[in-house]
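The values are calculated or read from the model by the stated rules, or taken from the named source; none is laboratory data. Quantities reported herein were computed from a predicted structural model and do not represent experimental measurements. Glycine also receives a Cβ, built like all others from the backbone with ideal geometry; neighbour counts cover every protein chain displayed.
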């Protein structure tokens with residue numbers, strides 16, 4: 001349950017991370033985590049464009065594409081590991097939160 005709470009908190013806090021001056025590595029890791037969530041919920045393509053935009057933004061902050069990809073993969077791998085232990089109920093909650101977050105981002 002703690003893993004689920006951490007993942008859901010991450011969804012809600014992403015905008016705050018970016019605007020609060022979070023380190024580019026943290027943002028890249030979170031992007032990887034978010035991609036793993038999208039895959040869990042059957043929406044892998046939804047974040048591809050956002051990932052490219054994010055990678056370009058991180059380059060402007062001084063992070064190389066290789067660094068971005070390395071941190072993205074760290075976040076992705078950790079989240080995939082976390083998701084492996086989720087019950088069906090926890091997966092459903094995670095996907096509902098991701099869908100709500102996606103709707104919020106479109107507005």
Every pair of residues 6+ apart whose Cβ atoms lie under 7 Å, when the first sits in the range 90-107 and is within 17 Å of residue 49 (Cβ to Cβ) while the second is at pLDDT 70 or above and surrounded by 12 or more Cβ atoms within 10 Å (Cβ to Cβ): 98/37; 98/38; 98/41
Looking only at the range 35-54, and only at residues there that are assigned to a helix (DSSP H, G or I), out of contact with any helix residue (DSSP H, G or I) (no Cβ under 6 Å at 6 or more places or on another chain) and within 23 Å of residue 90 (Cα to Cα), the one that is modelled with the lowest pLDDT: 45
Which numbered condition residue 78 misses (of (1) surrounded by fewer than 21 Cβ atoms within 10 Å (Cβ to Cβ); (2) modelled with pLDDT under 85): (2)
Residue within the range 64-81 that is at negative phi and outside any helix (DSSP H, G or I) present: yes
Hey, residue 32 surrounded by fewer than 19 Cβ atoms within 10 Å (Cβ to Cβ) and either in contact with a helix residue (DSSP H, G or I) (Cβ under 8 Å, 6 or more places away or on another chain) or at pLDDT below 85 (or both) or not: no
